[in-house]
1. So which residues in the range 186-237 are open to solvent by 10 Å² or more (accessible area, probe 1.4 Å) and assigned to a strand (DSSP E or B), if there are any at all?
2. Quick one: in the range 416-435, of everything that is within 16 Å of residue 237 (Cα to Cα) and part of a loop (DSSP other than H, G, I, E, B), which residue is nearest to the ligand (Cβ to nearest atom)?
3. Please give the number of the condition residue 131 fails out of (1) surrounded by fewer than 19 Cβ atoms within 10 Å (Cβ to Cβ); (2) over 30 Å from residue 31 (Cβ atoms); (3) modelled with pLDDT of 95 or more.
4. Take the range 89-128 and flag every residue that is within 18 Å of the chain's Cα centre (by Cα), surrounded by 20 or more Cβ atoms within 10 Å (Cβ to Cβ) and in a loop (DSSP other than H, G, I, E, B).
5. Say whether the condition of being touching a helix residue (DSSP H, G or I) at 6+ places or on another chain (Cβ under 7 Å) and part of a loop (DSSP other than H, G, I, E, B) is met by at least one residue in the range 274-290.
6. Is it the case, given these coordinates, that residue 162 is at positive phi and not hydrophobic (A, V, I, L, M, F, W, C)?
7. Kindly indicate whether residue 312 is free of Cβ contacts under 8 Å to residues at least 12 places away in the same chain and either touching a Pro at 6+ places or on another chain (Cβ under 7 Å) or part of a helix (DSSP H, G or I) (or both).
Amino acid sequence: MFDKILIANRGEIALRVIRACQEMGIRTLAVYSEADVDSLHVQRADEAICIGPAASMESYLKIDRIISAAEVGDVDAIHPGYGFLAENAHFAEICENCNIKFIGPNPAAIRSMADKAVARETARKAGVPVVPGSEGPVETEAECLRVAKKLGYPLIIKAVAGGGGRGMREAHNDVSLVKAFHTARMEAERAFNDPSVYVEKLIVNPRHIEIQIIADSHGHIVHLGERDCSIQRKHQKIIEECPSPFPGMTDDLRKKMGKAAVKLAENVKYENAGTVEFLMDEKGNYFFIEMNTRIQVEHAVTEEVYGVDLVKEQIRVAAGEKLSFEQKKLEARGVAIEVRINAEDPYENFRPSPGMVELFYAPGGYGVRVDSHVYSGYVIPPHYDSMIGKLIAFGKTRREALDRMTRMLDETIIRGIKTTIPFCKSVLLEPDFRRGRFSTAFVDQILTKKRA
Ligand code: MV4
């Protein structure tokens, strides 16, 4: 097992990884920017090294400074968390070359999923259902129109280097298709330095359902059920749950999707934790869209339902150990729901609201988990994303988990800044949410209704 791990991240996920390390007897080295001097991950780690100014580009994204910190601190491994360098194949490669274990998949596996057209093709070859679409990238208007003739409308154009919704355009006829092709290419060029796009049939009002997998270096790959992440705004998830409340989500379907996810992972010699994303239509048809080659924000709901500490397992498998459990011993128990708390003003179009948290009181009690780096007196810097914590409610039934989450949101006190808690409360009160009847369009639908 590793003696010492560097955590190349900040905020709640840095703290989450440090907590796992401490329970495993592994020493921790935090890195931090000048804006994070007073942050909890710095205080809780055994050691900490400042790696530069507030701007991410000058600190949490600076590969050479992080590697230098790793060398100075003499660590065995680096945990990248999520965001920042977590899905940067180049960074994973440099770690490898410096004889530092990157706690994540190998660079080739990261690369194979970073190119969305390649990922699609890999999934198709592995027998995983993909959305009907173009064979690889489309280079010209004419090629676009040929695909449209074959598939019919509506369509969606996506950036090969995309993900998270950037460089994505819908098209409903030949005229809008040609326009969408060019705007998507321009946006992709600006955002990713790569104008390549591909075409898919548009799935209207789908659910976003993702399968958690984890693989060790001994050829064992397991799936740990699904998460329903349909409640999101502008491609930022707000509420996630396990299992999906979709009535069509049967044990049989779950097993099928789990096996598909494992098959895909096998095909790219995947190691460590990953998530295979699917879109699902009203009939329960599911289609692969992307794979995330990192631990995700919402991993906690899977942990609660399956009784597995995913971060500890990540560290174990990275150290060459076998997974501590087998597929057939995994059993889902109850329902877990996660609400993300963002320092944003939901009444002002979710404008960021950084600054001093004058008072923070976290909810407690049975079935409650709070993953947050916030404390009373903490100053939220304006330089990073606005998520300041996650509340996770566990219950025997969805009803109980929802009631518990409502109670947790009522119990939470955050003074000094605006948060998304009031908005999350209003979502929990929506009858269609409580019934489990929602798609990725749900949040926009209720916001439109509220404005009217
Ligand atoms: C789609 C889609 C409909 N049809 N693909 C958005 C981000 C990227 N991960 C994939 N996305 C979508 N791909 C087809 N063929 C709708 C979305 C989408 C979406 C997906 C998941 C969660 C929220 C979403 C919000 C808007 C659009």
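1. If the condition is that a residue be open to solvent by 10 Å² or more (accessible area, probe 1.4 Å) and assigned to a strand (DSSP E or B), then 201, 207, 208, 221, 223, 232, 233, 236, 237 are the ones that fit.
2. So, considering only residues that are within 16 Å of residue 237 (Cα to Cα) and part of a loop (DSSP other than H, G, I, E, B), the one nearest to the ligand (Cβ to nearest atom) is 420.
3. It fails just one condition, (1).
4. Hits for the range 89-128 are 103, 104, 105.
5. Yes, the range 274-290 contains a residue that is touching a helix residue (DSSP H, G or I) at 6+ places or on another chain (Cβ under 7 Å) and part of a loop (DSSP other than H, G, I, E, B).
6. So residue 162 does not fit the description; no.
7. Here the answer is no, as residue 312 does not meet what is asked.
Here is a yes/no grid of residues against (1) assigned by TED's automatic domain parsing to the domain that holds residue 445; (2) over 27 Å from residue 301 (Cβ atoms); (3) more than 15 Å from the ligand (Cβ to nearest atom):
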{"residue": "124", "(1), (2), (3)": "no, yes, no"}
{"residue": "140", "(1), (2), (3)": "no, yes, yes"}
{"residue": "152", "(1), (2), (3)": "no, yes, no"}
{"residue": "156", "(1), (2), (3)": "no, yes, no"}
{"residue": "162", "(1), (2), (3)": "no, no, no"}
{"residue": "168", "(1), (2), (3)": "no, no, no"}
{"residue": "175", "(1), (2), (3)": "no, yes, yes"}
{"residue": "185", "(1), (2), (3)": "no, yes, yes"}
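The values are calculated or read from the model by the stated rules, or taken from the named source; none is laboratory data. Computed from a predicted model, the values in this text were never measured in an experiment. Every residue, glycine among them, receives a Cβ derived from its backbone with ideal geometry; neighbour counts consider all protein chains shown. Just so you know, the surface numbers come from the protein's heavy atoms only, side chains and all, with ligands and any DNA or RNA stripped out. Shrake-Rupley method; radii C 1.70, N 1.55, O 1.52, S 1.80 Å.
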